[in-house]
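See below for the structure under consideration.
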């Protein structure tokens, strides 16, 4: 697993290096769990699309699963990596032997997407905002974002949806005014 981590890190850090795969060696299978397609998973998608994994000798498989399942899937050997650092942090705090080994962002990739009726921060007052889950990255980012907008989180209703794709669906069907 450490070898796969090293290779995955090389793919992310050194995307322009020479081919690392020896034609005689089979590609190493790496399974990456992710909660849903989001801005935070774009680097993984781009690496696969551009052939960086293959170039590094990796056969990468993406497996979508709820954030809460990621840590246990790693411990059980079902996946090698999970793209939700908050899940790993929560699991480590709870005593599980997990660590965050790579972060692709210096700052938060968080955005608040709203329907067209929201023109300014104060328009969010009394409205519903979709988040993946309590204690998920979107939850913490939403809370921090609301503070930055000078809105008390009690002035909006954070609605859990189970994942980014579900949150987006609630926004596009006007069930919520915004999606974190």
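Given R₀ = 41 Å, FRET efficiency for residue 151-residue 101 by Cβ-Cβ distance, to 0.05? Show your work: numbers first, answer last.
Details: r = 35 Å, r/R0 = 0.84.
About 0.75, to the nearest 0.05.
Could you give the nm distance between label points at residue 118 and residue 89, where each point is 7 Å from its Cα heading toward the beta carbon?
Once both label points are built, they end up 2.2 nm from each other.
Report the extension gain between residue 49 and residue 135 in nm, rounded to one decimal, defined as 0.36 nm multiplied by the number of residues separating them, less their alpha carbon distance. Display every interim value, and only then the final one.
Numbers: separation 86, 0.36 × 86 = 30.96 nm, distance 3.11 nm.
Gain on extension, residue 49 to residue 135, equals 27.9 nm.
Take the Cβ-Cβ distance between residue 144 and residue 25 as r, set R0 to 35 Å, and report the resulting FRET efficiency rounded to the nearest 0.05. Display every interim value, and only then the final one.
Working: r = 45 Å, r/R0 = 1.28.
That gives a FRET efficiency of 0.20.
Fewest first, what order do 42, 124 take by the number of other Cβ atoms within 10 Å? It would help to have the intermediate numbers written out before the result.
Numbers: 42 12, 124 19.
The order, fewest Cβ neighbours first, is 42, 124.
For the pair residue 39 and residue 159, what calculated FRET efficiency results from E = 1/(1 + (r/R0)^6), where r is the Cβ-Cβ distance and R0 = 25 Å, to the nearest 0.05?
Values: r = 20 Å, r/R0 = 0.80.
Calculated transfer efficiency: 0.80.
Between residue 125 and residue 169, what is the label-point separation in nm under the 7 Å Cα-to-beta-carbon projection?
3.4
Taking only the alpha carbons of region 113-179, what extent do you get along each of the three principal axes, in Å, biggest first?
Projected onto its principal axes, the Cα set of region 113-179 covers 26, 26, 15 Å.
Any read-out appearing in this document is the output of simple, stated calculations on the displayed coordinates, not a laboratory observation. Here the structure is a predicted model, which means the values were calculated and not measured. Reconstructed Cβ throughout: ideal geometry from the backbone, glycine too, with neighbour counts over all protein chains shown.
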